[in-house]
1. Just to be sure before I move on: is residue 191 among the hydrophobic types (A, V, I, L, M, F, W, C), more than 13 Å from ligand 1 (Cβ to nearest atom), without any contact (Cβ under 8 Å) to a residue 12 or more places away in the chain and more than 30 Å from residue 109 (Cβ to Cβ) in the structure I sent?
2. Going by the structure shown, is residue 42 within 20 Å of residue 106 (Cβ to Cβ), surrounded by 12 or more Cβ atoms within 10 Å (Cβ to Cβ) and under 26 Å from the mean Cα position of the chain (by Cα)?
3. Every residue in the stretch 159-198 that is among the polar types (S, T, N, Q) and either more than 10 Å from ligand 2 (Cβ to nearest atom) or surrounded by 15 or more Cβ atoms within 10 Å (Cβ to Cβ) (or both), please.
4. Could you tell me how many of the residues in the stretch 199-209 are open to solvent by 40 Å² or more (accessible area, probe 1.4 Å), touching a residue at least 24 places away in the same chain (Cβ under 8 Å) and either within 16 Å of ligand 1 (Cβ to nearest atom) or assigned to a strand (DSSP E or B) (or both)?
5. Which pairs do you get when a residue that is within 16 Å of residue 237 (Cα to Cα) and assigned to a strand (DSSP E or B), found in the stretch 160-181, comes within reach of a residue that is of a type outside the set (Lys, Arg) and away from ligand 2 (no atom under 12 Å from the Cβ), reach meaning Cβ atoms under 6 angstrom, with the pair 6+ apart or on two chains?
6. Quick one: residue 212 ticks every box in (1) near ligand 1 (Cβ under 10 Å from one of its atoms); (2) touching a residue at least 40 places away in the same chain (Cβ under 8 Å); (3) not in a helix (DSSP H, G or I) except a single one, so which number is it?
7. Residue 228 fails exactly one of the following numbered conditions: (1) open to solvent by 30 Å² or more (accessible area, probe 1.4 Å); (2) away from ligand 2 (no atom under 16 Å from the Cβ); (3) in contact (Cβ under 8 Å) with a residue 60 or more places away in the chain. What is the number of that condition?
Amino acid sequence: MFLFHRLNPLLQNTERGTFRPATLTCSDVQSVLENLGADGSLLKESVLIGCSEQNQAEFCLDVGRLDQAAVEEMVTGSFVDLRKSFFLLSGAEAPLVAKGQALLRWHQTSGFSSATGQPTRRNQAGSQRVCSSSGIISYPTMCPVVIVLVSDGTRCVLGRQAAFPRGMYSALAGFCDMGESLEEALCREVAEEVGLEVLSVSYSSSQHWPFPHSSFMLGCHASVSPAHTQLIVDRSELEDARWFSLQEVMSALQVKPRRGDPPPLWLPPKHAIAHRLITEWTQLMQTVS
Ligand SMILES: NC(=O)c1ccc[n+]([C@@H]2O[C@H](COP(=O)([O-])OP(=O)(O)OC[C@H]3O[C@@H](n4cnc5c(N)ncnc54)[C@H](O)[C@@H]3O)[C@@H](O)[C@H]2O)c1
Ligand SMILES: [Mg+2]
């Protein structure tokens with residue numbers, strides 16, 4: 001079972017100095033609850049998130065009602081902000097932690113039906129909620145977001161929002177509006193955010209992303225004409241956007257996150273689809289050069 005405290009996952013140090021999410025057995029969690037004088041029924045709030053390769057059911061539980069420091073001491077770990085966790089987790093568990101947090105958040109904010117205003121009850125697995133008065137079933141939702149790496153054939157566009165960690169740049173992204181296709185949303189976002197006209201689009205891959213409230217990221221590559229590359233950056237959305245050379249991007253991919261002064265350019269963590277798009281682009285550029 002993965003534990004969260006107010007939606008922050010519990011991480012533990014490994015012997016190799018890396019981090020992994022703490023995975024506790026059901027009886028481990030039961031004894032934490034007993035030791036802290038908590039009601040054992042809290043366990044019923046756990047949500048099914050998957051099945052391990054050893055065919056073990058995997059659950060997550062938010063223990064936000066317990067004292068954070070007391071739980072951390074009992075299980076020898078720390079509850080870490082999810083964005084920060086993504087820079088610390090190296091293993092394949094990051095998507096599972098993201099899924100767990102997204103489902104827990106959904107339950108915490110879906111206690112009442114938006115149609116009737118009446119309380120909802122969850123099913124046993126935690127995959128849906130039912131309105132107590134109308135029987136209407138609601139399911140967790142994701143917002144479609146297009147994310148695109150724009151290239152002019154030799155360089156790519158990366159942008160940063162003011163809220164990003166210092167020095168970090170990413171691929172351009174934006175929410176799809178109601179009624180838009182993926183391609184329409186992509187062309188609109190690129191035009192709005194950096195003033196470029198997209199000539200062609202190719203789909204890469206997708207991922208669930210827990211921020212800001214569960215996004216379904218649709219990752220694409222796009223090309224623009226090398227004759228029309230002037231950027232007009234929408235400063236209300238982006239603090240900066242620039243063209244970067246293959247060499248600059250390849251060097252940034254080697255940068256490891258660390259404390260202290262950030263390097264001039266660093267990129268989103270490996271689990272982020274932006275990282276995958278950027279890596280794919282460098283591979284493509286190396287094969288054509
Ligand atoms: N996984 C990755 O690699 C990666 C990289 C970059 C961005 N992202 C995610 O993509 C998301 C969207 O990117 P963006 O912030 O540039 O989007 P954006 O360019 O559409 O701008 C965000 C604004 O869009 C509006 N908006 C429209 N529909 C919305 C909705 N359904 N939910 C929230 N806001 C909505 C809000 O006013 C919001 O401030 C971000 O929240 C970020 O978490 C993921
Ligand atoms: Mg955007």
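The values are calculated or read from the model by the stated rules, or taken from the named source; none is laboratory data. Since the model is a prediction, treat every value here as computed from it, not as a measurement. Heads up, the Cβs are rebuilt from the backbone with ideal geometry, glycines too, and the neighbour counts pull from every protein chain shown. Please note that ligands, DNA and RNA were not included when accessible areas were found on the heavy atoms of the full protein model with its side chains. Shrake-Rupley method; radii C 1.70, N 1.55, O 1.52, S 1.80 Å.
1. Details: among the hydrophobic types (A, V, I, L, M, F, W, C): yes; more than 13 Å from ligand 1 (Cβ to nearest atom): no; without any contact (Cβ under 8 Å) to a residue 12 or more places away in the chain: yes; more than 30 Å from residue 109 (Cβ to Cβ): yes.
Criteria not met by residue 191.
2. Working: within 20 Å of residue 106 (Cβ to Cβ): yes; surrounded by 12 or more Cβ atoms within 10 Å (Cβ to Cβ): yes; under 26 Å from the mean Cα position of the chain (by Cα): no.
When the stated conditions are applied, residue 42 does not pass them.
3. Applying the first criterion (among the polar types (S, T, N, Q)) to the stretch 159-198 yields 161, 170, 181.
Result: 170, 181.
4. Our first condition is that a residue be open to solvent by 40 Å² or more (accessible area, probe 1.4 Å); within the stretch 199-209, this holds for 199-203, 206, 208-209.
Adding the requirement that they be touching a residue at least 24 places away in the same chain (Cβ under 8 Å) leaves 199, 201, 206, 208-209.
So of that shortlist, the ones also either within 16 Å of ligand 1 (Cβ to nearest atom) or assigned to a strand (DSSP E or B) (or both) come out as 201, 206, 208-209.
So the count comes out to 4.
5. Note: pairs meeting the criteria are 160/169; 160/240; 168/266; 170/268; 175/143.
6. So the condition that residue 212 fails would be (2).
7. With respect to (1) open to solvent by 30 Å² or more (accessible area, probe 1.4 Å); (2) away from ligand 2 (no atom under 16 Å from the Cβ); (3) in contact (Cβ under 8 Å) with a residue 60 or more places away in the chain, residue 228 is out only on (3).
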